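The structure appears right after this line, and notes come after that.
The values are calculated or read from the model by the stated rules, or taken from the named source; none is laboratory data. Treat the numbers as computed from the prediction; the structure is a model and nothing was measured. Because the Cβ atoms are built from the backbone with ideal geometry, glycine has one as well, and the counts that use them run over all protein chains shown. Calculation scope for accessible area: heavy atoms of the full protein, side chains included, ligands and nucleic acids excluded. Shrake-Rupley method; radii C 1.70, N 1.55, O 1.52, S 1.80 Å.
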Amino acid sequence: LVATTPNELDGEEDDSAAASELTTAAKRPGLRLYQGAWLAQVWVPGVVAIQQGSFVPRRGDVVLASQPKCGTTWLKALAFATMARVAYPPAHAGHPLLRLNPHDCVPFMEMLFADGALGNRKMDALPSPRLMSTHMPHALLPASIRDNPDCKIIYICREPKDMLISLWHFTRRFVPDRAFSDMFEDACQGASFAGPIWDHVLGYWNASKDSPERVLFLRYEEILRDPVENVKKLARFVQQPFSPAEEAAGVIKDIVRLCSFDRMKGLEVNKKAGSNYVFPNSSYFRRGEAGDWTNHMTPEMAQRLDAIMEEKLQGLSPMP
Ligand code: A3P
């Protein structure tokens, strides 16, 4: 599917709603409001193709879901290293993650399916169980993922203030004059990549509560605090738990070490331009810490975003 104008994508909307949406979207270059979510314009054709059935599910599929800058790269590395550990022992000098960026090991669905039928041919070529990633909000997922008992979803969530700071640093590499205050204002109004932030988190949080066997909800900060426990959780979830022999042999620690920020950032492959995407591999590795927002946000900004998140997530117990 090739979308030439935004109206072609949202045929059912009435004219005035579409016009107002376009006026708002025009102020946010690169973003497109689609089915209530702010998507990167370049993702939209892929999302439409996925929703219209280009993606053909296979038993055992695992989808990694996130908002950009929440630790997608890290989750891709951890999930790939965990699920492929028999074929590729994590301590082996020839491990794929030592010569490929994690984004080259786990395809990003929105961009893959922007190629239409070619996307599914590439997906078909992957061995089972297949690993793939998406930034789509839960509500936008096709039933073939959302309601499919044979498909598992692993979500990674991050402190929104750190996510926005990370996004700003990332964006500045390509749009140097993007002011943080503008990005922050847009995000507070819901217009961040894959946003509103709260809807994205809530969608996957609710799904993980409704179907814990199908949706695993992870947090970036928790993985930083206890990577071993979180990798074990991930392995159990995809039904590849570590055996006592593997634990004793240090396989989990090998995975954590292989995927650690310093190790990944230091690899030659991650210092150069990427092969699959327009962004250089190095742009996915900055500080890899929690709490960097304190170096960039005013207390007023922090309080404002905290208050919005609290209001949007209120009533949930426990809170995401
Ligand atoms: P910072 O900009 O705060 O450093 P994404 O992969 O979703 O684009 O998220 C990028 C963020 O994850 C960046 O955060 C990046 O540094 C961090 N990151 C990337 N690889 C990581 C790893 N192996 N361990 C911890 N954080 C990592």
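Let's see how each residue does on (1) among the acidic types (D, E); (2) open to solvent by less than 80 Å² (accessible area, probe 1.4 Å); (3) assigned to a helix (DSSP H, G or I):
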position: S208; (1), (2), (3): no, yes, yes
position: E213; (1), (2), (3): yes, no, no
position: N270; (1), (2), (3): no, yes, yes
position: A273; (1), (2), (3): no, yes, no
position: R287; (1), (2), (3): no, no, no
position: A290; (1), (2), (3): no, yes, no
position: W293; (1), (2), (3): no, yes, yes
Check your understanding: Do we have any residue at all in the range 152-159 that's away from the ligand (no atom under 14 Å from the Cβ) and either open to solvent by less than 20 Å² (accessible area, probe 1.4 Å) or farther than 18 Å from V238 by Cα (or both)?
Key -> yes
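If you scan the range 94-152, which residues turn out to be among the hydroxyl-bearing types (S, T, Y) and touching a Gly at 6+ places or on another chain (Cβ under 7 Å)? Show your work before the answer.
In the first step, residues of the range 94-152 are kept if they are among the hydroxyl-bearing types (S, T, Y); the result is 128, 133-134, 144.
Passing the criteria: only S128.
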Across the range 167-187, the tally of residues that are more than 13 Å from F279 (Cβ to Cβ) and either under 19 Å from the mean Cα position of the chain (by Cα) or of a type in the set (A, V, I, L, M) (or both) stands at 4
Scanning the range 57-80 residue by residue, those within 20 Å of W38 (Cβ to Cβ) and basic (K, R) turn out to be K69
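Going residue by residue through the range 223-230, is there one that turns out to be open to solvent by less than 20 Å² (accessible area, probe 1.4 Å) and either within 21 Å of the chain's Cα centre (by Cα) or not charged (D, E, K, R) (or both)? Before the answer, list the steps.
So in the range 223-230, the residues open to solvent by less than 20 Å² (accessible area, probe 1.4 Å) come out as 223, 230.
Applying the additional criterion that residues be either within 21 Å of the chain's Cα centre (by Cα) or not charged (D, E, K, R) (or both) yields 223, 230.
Scanning the range 223-230 turns up at least one residue that is open to solvent by less than 20 Å² (accessible area, probe 1.4 Å) and either within 21 Å of the chain's Cα centre (by Cα) or not charged (D, E, K, R) (or both).
One line per residue, one yes/no per condition, for (1) more than 23 Å from F261 (Cα to Cα); (2) of a type outside the set (G, A, S):
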| position | (1), (2) |
| --- | --- |
| F180 | yes, yes |
| Q189 | yes, yes |
| V201 | yes, yes |
| Y204 | yes, yes |
| D210 | yes, yes |
| Y220 | no, yes |
| D226 | no, yes |
| Q239 | yes, yes |
| A245 | yes, no |
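What number of residues in the range 49-100 are farther than 23 Å from I156 by Cβ and either open to solvent by 10 Å² or more (accessible area, probe 1.4 Å) or not hydrophobic (A, V, I, L, M, F, W, C) (or both)? Before you say what the answer is, go through the steps one by one.
Of all residues in the range 49-100, those farther than 23 Å from I156 by Cβ come to 49, 52-54, 56, 59, 86-87, 89, 91-94, 99.
Narrowing further to those that are either open to solvent by 10 Å² or more (accessible area, probe 1.4 Å) or not hydrophobic (A, V, I, L, M, F, W, C) (or both): 52-54, 56, 59, 86-87, 89, 91-94, 99.
Within the range 49-100, residues that are farther than 23 Å from I156 by Cβ and either open to solvent by 10 Å² or more (accessible area, probe 1.4 Å) or not hydrophobic (A, V, I, L, M, F, W, C) (or both) number 13.
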Could you say whether any residue in the range 180-192 is in a strand (DSSP E or B) and either away from the ligand (no atom under 16 Å from the Cβ) or among the small types (G, A, S) (or both)?
no
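If you check S166 against the conditions, is it in contact with a Cys (Cβ under 9 Å, 6 or more places away or on another chain), small (G, A, S) and within 16 Å of the ligand (Cβ to nearest atom)?
On the way: in contact with a Cys (Cβ under 9 Å, 6 or more places away or on another chain): yes; small (G, A, S): yes; within 16 Å of the ligand (Cβ to nearest atom): yes.
Judged against the criteria, S166 is a match.
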Kindly check whether there is at least one residue in the range 171-192 that is surrounded by fewer than 19 Cβ atoms within 10 Å (Cβ to Cβ) and on the phi > 0 side of the Ramachandran plot. yes
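If you go through the range 219-226 one residue at a time, do you hit one that is part of a helix (DSSP H, G or I) and closer than 20 Å to R130 by Cα? Outline the logic, then answer.
Start the filter on the range 219-226 by keeping residues that are part of a helix (DSSP H, G or I), which leaves 220-225.
This time we only want the ones that are closer than 20 Å to R130 by Cα, so: none.
For the range 219-226, residues part of a helix (DSSP H, G or I) and closer than 20 Å to R130 by Cα: absent.
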